[in-house]
Amino acid sequence: YAWVTPTFDASPIARVVIFALLGACMFALVFVWPNGLKGRQEVLLIFALSILLRLCLIPTAPSDDVYRYVWEGERFATGISPYQATADSPVFEAFRDELWEKMNNKDKLPAYPPLAMMIFALFSKICAEPWFFKVGFILVDLGVIALIFKLQKKYHAPKRWVGLYAFNPVVLVSFAGEGHFDVLMVIALVATAVLLHEKRVIAAGIALACAVHIKVIAVLGIPFLLARGGWKAIVSGGFAGLLLA
């Protein structure tokens with residue numbers, strides 16, 4: 001998949017075919033999984049395969065969204081609000097660099113909530129390069145897998161089911177391949193689920209607030225938070241949301 005995507009819009013037919021094959025491989029790995037592995041061995045094997053698959057996808061051409069993450073993160077890191085104007089505005093004329101050239105929707109205001117922008121700024125301070133953002137998102141994605149293992153343990157489910165996420169081509173291509181930031185929201189949502197199972201409802205509310213401030217669609221989790229965590233979780237989430245705004 002990485003080989004056929006030297007650019008983000010390259011080889012649509014080849015990408016679809018390989019993507020479908022990746023899906024078939026995912027199901028093969030999950031359903032034809034060896035039964036004789038001990039618990040720790042199974043966890044380590046799933047993590048090893050997860051890391052290998054993600055490393056293989058790093059050479060994939062990043063989405064043009066990633067250039068926007070880096071460019072806006074750089075502005076935010078230096079105290080310049082990217083929310084004040086569109087990227088093609090004369091306000092930002094001095095910052096029209098290579099990243100600016102490659103980013104999309106220059107005529108639109110940033111679509112990312114404050115917490116997402118803060119994370120972009122943090123990444124940009126360390127290394128303002130698309131590949132570094134992809135590596136950062138891969139590390140976050142491995143954190144998601146670790147949290148899913150906690151849920152698997154609580155439900156007493158077979159460890160192989162973790163592979164439905166860990167080896168999933170949607171996850172692999174979106175985060176390790178194209179470098180989309182949605183994994184930041186995913187880890188906050190999975191953390192919310194784990195915290196609710198542990199009856200830590202205040203922390204769960206804060207985790208969901210973080211998810212909303214990374215990507216607004218996470219508000220759809222509020223009814224589930226109320227059902228499982230009650231008003232204490234909602235109040236703590238609302239208070240955290242106001243602080244992050």
Condition first: closer than 19 Å to residue 193 by Cβ, modelled with pLDDT of 95 or more and touching a Ser or Thr at 6+ places or on another chain (Cβ under 7 Å). Can you find one or more residues in region 153-162 that meet it? no
Could you please tell me which pairs satisfy a Cβ distance under 6 Å, a separation of 6+ or placement on different chains, a first residue in region 77-98 that is outside any loop (DSSP other than H, G, I, E, B), and a second residue that is acidic (Asp, Glu)? 82/72
Which condition breaks for residue 33 when tested against (1) at pLDDT below 90; (2) surrounded by 14 or more Cβ atoms within 10 Å (Cβ to Cβ); (3) assigned to a helix (DSSP H, G or I)? (3)
For region 150-170, give me the residue count where each residue is without any contact (Cβ under 8 Å) to a residue 12 or more places away in the chain and farther than 20 Å from residue 48 by Cβ. 4
Based on this model, can you work out whether residue 10 counts as loosely packed, with under 15 Cβ neighbours inside 10 Å and of a type in the set (A, V, I, L, M, F, W, C)? yes
Pairs returned, first residue in region 41-63 that is assigned to a helix (DSSP H, G or I), second residue that is among the charged types (D, E, K, R) and surrounded by 15 or more Cβ atoms within 10 Å (Cβ to Cβ), beta-carbon separation under 6 angstrom, 6 or more apart or interchain, are 42/159
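Across region 74-84, which residue is surrounded by the fewest Cβ atoms within 10 Å (Cβ to Cβ) among those that are in contact with a Pro (Cβ under 7 Å, 6 or more places away or on another chain) and farther than 12 Å from residue 109 by Cβ?
75
Could you say which residue among 28, 87 is surrounded by 11 or more Cβ atoms within 10 Å (Cβ to Cβ) and closer than 30 Å to residue 158 by Cβ?
The match here is 28.
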Flag for residue 240 being under 19 Å from residue 114 (Cβ atoms), open to solvent by 20 Å² or more (accessible area, probe 1.4 Å) and touching a residue at least 24 places away in the same chain (Cβ under 8 Å): no
Scan the helices (runs of 4 or more DSSP H) fully inside region 108-207 and keep the ones with 1 or more residues being open to solvent by less than 50 Å² (accessible area, probe 1.4 Å), touching a Phe, Trp or Tyr at 6+ places or on another chain (Cβ under 9 Å) and under 30 Å from residue 85 (Cβ atoms). 114-126, 130-155, 182-197
Look at residue 81 and say whether it is hydroxyl-bearing (Ser, Thr, Tyr), over 22 Å from the mean Cα position of the chain (by Cα) and farther than 26 Å from residue 140 by Cβ. no
Looking only at region 90-98, decide whether some residue is open to solvent by less than 50 Å² (accessible area, probe 1.4 Å), more than 23 Å from the chain's Cα centre (by Cα) and of a type in the set (A, V, I, L, M). no
Would you mind finding the one in 50, 11 that is polar (S, T, N, Q) and within 17 Å of residue 170 (Cβ to Cβ)? 50
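The values are calculated or read from the model by the stated rules, or taken from the named source; none is laboratory data. Predicted model only: the values in this text are computed from it and were never measured. Glycine gets a Cβ as well: all are built from the backbone with ideal geometry, and neighbour counts include every protein chain shown. Heads up: the accessible areas ignore ligands, DNA and RNA and are worked out on the full protein's heavy atoms, side chains in. Shrake-Rupley method; radii C 1.70, N 1.55, O 1.52, S 1.80 Å.
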